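Each reported figure results from applying straightforward, stated rules to the coordinates on display, with no laboratory input. Quick caveat, the model's predicted, so the values are computed rather than measured. Cβ placement follows ideal geometry from the backbone for every residue including glycine, while neighbour counts extend to all protein chains displayed.
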Amino acid sequence: MDTVLFYTPGSCSLACMIALHWQGDPYRLCRVDKDVRRTDSYLRINPRGQVPALRVDDRPLLETDAILAHIADRKPAAHLLPPNGTTERDVANQWLAYLGSGFHPPFWPYFTPQRYSKDESHHPAIRAAAVDAIRGQLAFVDAHLAGREFVQSDRISVLDAYLHAMDRWANKIVDMAALYPNVWRHQKMMSRDPAARLGLSIERGDGTQAPDGPFAGHVALADI
Ligand SMILES: N[C@@H](CCC(=O)N[C@@H](CS)C(=O)NCC(=O)O)C(=O)O
């Protein structure tokens, strides 16, 4: 399968990068920064102009939770999610949906208050409300992670990659170590993971092709 992940540094697409690396099939990356995400070429891949998007052969697949489930299900032996049809998978699906539709959304008004009001004088209040909502999500996840190493059971999964891609955004917003020690511990654990480290180095622009790894380099949008 020809697999291309469209990503923007600092975004939730990092989760898919980590998952692809864990899964192990060859994949290429296509970096699409803000200006590129508004071009016709990219809007043909994702009409909403967002990342991540995955292209598998000629088929685009959108939405982080669906992409992560696809990556995991491509190789059940990698155990990146529990098998379909099990109670454990129902719980994992619940976490995938929560991370996408519960944990992620409060960051949107924090980072882009202009989408919620054209009146700049409203932006401080929008961001303050967003911080409250972000803190609520962090408290929920922190309580869940008490006494646990991973989001689900005793095994690392795409859920951990998804949480890691997003909870890093909160580091500049709240005192994570003091207020959310379990999320902070999880973040430290993930930051030592070789796939997460590779993903971040690629995002910084100094990532090179891992000698024997599945990352097969970048492809230009124009060549897709
Ligand atoms: N529901 C989408 C949301 C994706 C999303 O919000 N992506 C952000 C980056 S983390 C983005 O592309 N923002 C740019 C924009 O919305 O224009 C998903 O889960 O994949």
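By the beta-carbon count within 10 Å of each Cβ, the least crowded to most crowded order of MET189, MET176, MET17, fewest first, is MET189, MET176, MET17. Of all lysines in the structure, those lying under 24 Å Cα to Cα from LYS118, and not within fewer than 8 positions of it along the same chain, are LYS34. Positive contributions from Lys and Arg (+1) and negative ones from Asp and Glu (-1), summed over other residues with Cβ under 13 Å from the Cβ of ASN46, come out at +4. Once the convex hull of all Cα atoms in the chain is built, its volume per residue stands at 131 Å³.
Cβ crowding within 10 Å, taken as a proxy for footprinting-reagent exposure, orders TYR180, TYR162 from fewest neighbours to most as TYR180, TYR162. Name the longest site-free stretch of the chain, where the excluded sites are trypsin sites (Lys or Arg not before Pro) in a DSSP loop with no more than 11 other beta-carbon atoms within 10 Å. Within the chain, the longest run free of exposed trypsin sites (Lys or Arg not before Pro) spans 119-191. Distance between the modelled labels on ARG44 and LYS172, one decimal in nanometres: 3.4 nm (7 Å Cα→Cβ projection).
In this simple spin-label approximation, HIS218 and HIS122 carry label points 7 Å from Cα along the Cα→Cβ vector, and these lie 3.8 nm apart. Counting only residues at least eight positions apart within a chain, or on another chain, the aspartates and glutamates with an alpha carbon under 13 Å from that of LYS75 are ASP25.
Oblate is the label for the stretch 50-157, because the ratio a/c of its alpha-carbon gyration tensor axes (a ≥ b ≥ c) is 1.5 or higher and a/b is not greater than b/c. Centre-to-centre separation between the Cα atoms of the stretch 171-220 and those of the stretch 25-44: 20 Å.
Taking the fewest neighbouring Cβ atoms within 10 Å as the starting point, the ordered list for ILE134, ILE18 is ILE134, ILE18.
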